[in-house]
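Report on the following structure.
The values are calculated or read from the model by the stated rules, or taken from the named source; none is laboratory data. Because the structure is a prediction, the values reported are computed rather than measured. Cβ placement follows ideal geometry from the backbone for every residue including glycine, while neighbour counts extend to all protein chains displayed. Surface areas here come from the heavy atoms of the whole protein model, side chains and all, with no ligands, DNA or RNA. Shrake-Rupley method; radii C 1.70, N 1.55, O 1.52, S 1.80 Å.
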Amino acid sequence: MTSVAEAVRPYAENFESMQAALAACTPDWLAILRHAAFARFAEQGFPSPRAENWKYTPTRPLEKRAFSFNAESSTAVGTKDIEGALLRASTACTLVFVNGCYSASLSRQSTVTGLRITVLDDALQHQASQLEQSLVTSDNWEHDPFTLLNTAFLQHGVTIELDAGTTLTAPLQLLFVSSKQSKPCASHPRIVLRMGKHSAATLVETWQGLDGADNFANSYTQIELAQAAQLEHLRVQREAAQEFHVSRVMAHQQANSRYASHTLNIGGRWVRTDLHSRLEAPDAETQFNGLYIVDNHQHVDNHTRIDHAAPDTRSDELYRGIVAGNGHAVFNGKVVVAEHAVHADAAQVNNNLLLSRNAEIDTKPELEIYADDVKCSHGATVGQLDEQALFYLRSRGLGEDEARSLLTGAFALSVLDRIVSPVLRDFARAQIRLALPGAVAMEAV
C-alpha cells in the first residue's frame, strides 16, 4: 500500500518547481493560499478507502502515476482536432484550453454587453488584486484533497461575470482538450461563474481527450446565482481511454434562482465527479440530470449533494447509468433538508442498466430530513434489457445488436430530453451516439 509520503512526493516536487517558476509574478495572498492548501494536502494525502465517500473508488490507480505540472507546447493541436467537441451553433464566446493552458488561437471571444470573461493565466499576473475575493473559497476546501490540489496549483482557468438583467441569447462554451505528452501531465483549472440578479445563460463545459492522451485533469467550478438568475449547464466529459479526471462543482443559489445541471460522463479510465448545490433562499430550484456510460475497465463515480437550506425550495434529480464489459460505476446522491426548510420538495431517482455479466454498479441514494411538512422521495433500480422488448424488436426484423442498441438509446434518451436548450440537447445527443457500447447508427438518440 502506498504511504501518504510516497503518494504526495511527486506533487511536492511539482509544487516546488511551480513556486520557483512563478515566484516573481505571484502576489503575497496567492502564495499564502497555495502554500496553505498544499500543506494541508501533504498532511492528509489522498482519500483513504476507509472514508465512506471513497468506499467504492480507491485512489490507488491515480497514486501509482506521476504527472508533470508543465504541459508541452499546445501548437500541435489544431482546429480539426477539436471540431467534434465544438458546438455547431453560434456561441457568445468559445474558450479553448489545451492541457489546462488557454489557447488564444483556438478560442473565439467577442464583446457582449453585460458579460465579462477573464482568463486566469494572464489575470493572476496583471489583475490579481481584483480576483482575490473570487478565488478564495470557503466551501470546505480544506477537507477535500482534490480541491486542495486545485488550489495549490491555481494558475489556469477563467472567471465569468454576468451583470444584473443580462440574458445571453447564445451559449458560452469552455473546451478543455487533453493531448498526448512525452510525460503525462496534470492540469488544475479553476472556473468561477457569477450571475447577477435576473440574469440568464447557458454554459457548455466540454472535456475532450485526444488519441494517446493519458493525463490527469482536476477541475473546480464555483457558481453563484443571485436572485432570479437562471443557468443551464451541460458538462460533457469525454476523456481518452487512459485518462484520469476529477471535477468539483459547487453552486450557491439565492431566491427564485434556477440551476439545471446536465452531466455526461462518457470517457476516461478513472473518473470522479462531485456536484453540490445549496438552495440558500426561498423558491430556489435545482435540477440534476446525469448519464454515465461505462465500458471495458473504466471506473466512473458520481457523487451529488443538494442542500435545502431554506423553506419552499425544490430539487429534481435523475441519473442514469449504462454499464458494459468490465466497467464499474458508482452513484451516491444525497439530499439534505435543514430543520427550518419547511415545504421543501425533493425527488431523486437513479436507474442503471447492466449490459454484461461483469458490469458492476454501486448505487446509494440518500435522504437526510430534519424538517416536518416536506415532500421528499428517492429510489434506485438496477436491471438488464427487457427480453420481451428485445423479442418484439427482433420479430420486426431488427438484428440482435441493433435491437439492443435501440433499447439502450431509448434508456438514455429520457435524461437528454430534460435539457431545455435545443442547441445543448442536440450537442449532447451527438456525443452520446459516439459513446454507447456496441453502438450502431440509430436515430432514436
Please give the contour-minus-distance gain from Arg357 to Gln125: 0.36 nm per residue of separation, less the Cα-Cα distance, rounded to one decimal in nm. 78.2 nm
For Ala20 and Ala76, what is the calculated FRET efficiency with R₀ set at 22 Å and r taken between the beta-carbons, to the nearest 0.05? 0.25
Calculated FRET efficiency, Val382 and Ala241, Cβ-Cβ r, R0 30 Å, to nearest 0.05? 0.75
Could you tell me which of rounded, prolate or oblate describes the chain, using a ≥ b ≥ c as the square roots of the eigenvalues of the alpha-carbon gyration tensor, with rounded for a/c under 1.5 and, failing that, prolate when a/b is larger than b/c and oblate otherwise? rounded
With an 8 Å cut-off on Cα pairs and a minimum separation of 6 or more residues, tell me the relative contact order of the range 207-364 in percent. 18
Taking loop as defined by DSSP and a crowding limit of 15 other beta carbons within 10 Å, which chymotrypsin sites (Phe, Trp or Tyr not before Pro) in the range 338-431 fit? Tyr370
Report the local net charge at Glu63: Lys and Arg +1, Asp and Glu -1, summed over other residues whose C-beta lies under 12 Å from its C-beta. +3
Between Ser105 and Glu402, how many nm apart are label points set 7 Å from Cα along the C-beta direction? 4.5
Antiparallel DSSP beta bridges within the chain, as percent of all bridges there, nearest 5: 5
Counting other Cβ atoms within 10 Å, which GluC sites (Glu not before Pro) in the range 4-84 have at most 16 and lie in a DSSP loop? Glu72
Going Cα to Cα from Lys64, which aspartates and glutamates come in below 18 Å? Please leave out same-chain ones fewer than 8 positions away. Glu6, Glu13, Asp214, Glu243
So how exposed is Arg9, as accessible area in Å² (1.4 Å probe, rounded to 10)? 120
Which value, in Å² and to the nearest 10, is the accessible area of Cys25 when all protein chains are kept and the probe is 1.4 Å? 50
With every protein chain left in place, what is the accessible area per residue of the range 84-201 in square angstrom, probe 1.4 Å? 40
Report in % the part of the accessible area of the chain that belongs to carbon and sulfur, leaving out ligands and nucleic acids; probe 1.4 Å. 48
I want to make sure I understand the PRE zone here: with the label point 7 angstrom from the Cα of Gln133 toward its beta carbon, which residues in the range 93-120 have backbone N atoms less than 17 Å away? 116-118
Val342-Asn296 pseudo-label distance in nm [points 7 Å out on the Cα-to-Cβ vector]: 5.5
Given an 8 Å cut-off on Cα distances and at least 6 residues of separation, report the relative contact order of the chain as a percent. 9
Protein-only accessible surface order, largest first, of Leu154, Leu367 at 1.4 Å: Leu367, Leu154
In nm, the gap between the two label points placed 7 Å beyond Cα toward Cβ at Gln44 and Ala89 is 4.0
Regression test value, accessible area per residue of the range 267-377, probe 1.4 Å, units Å², expected 35
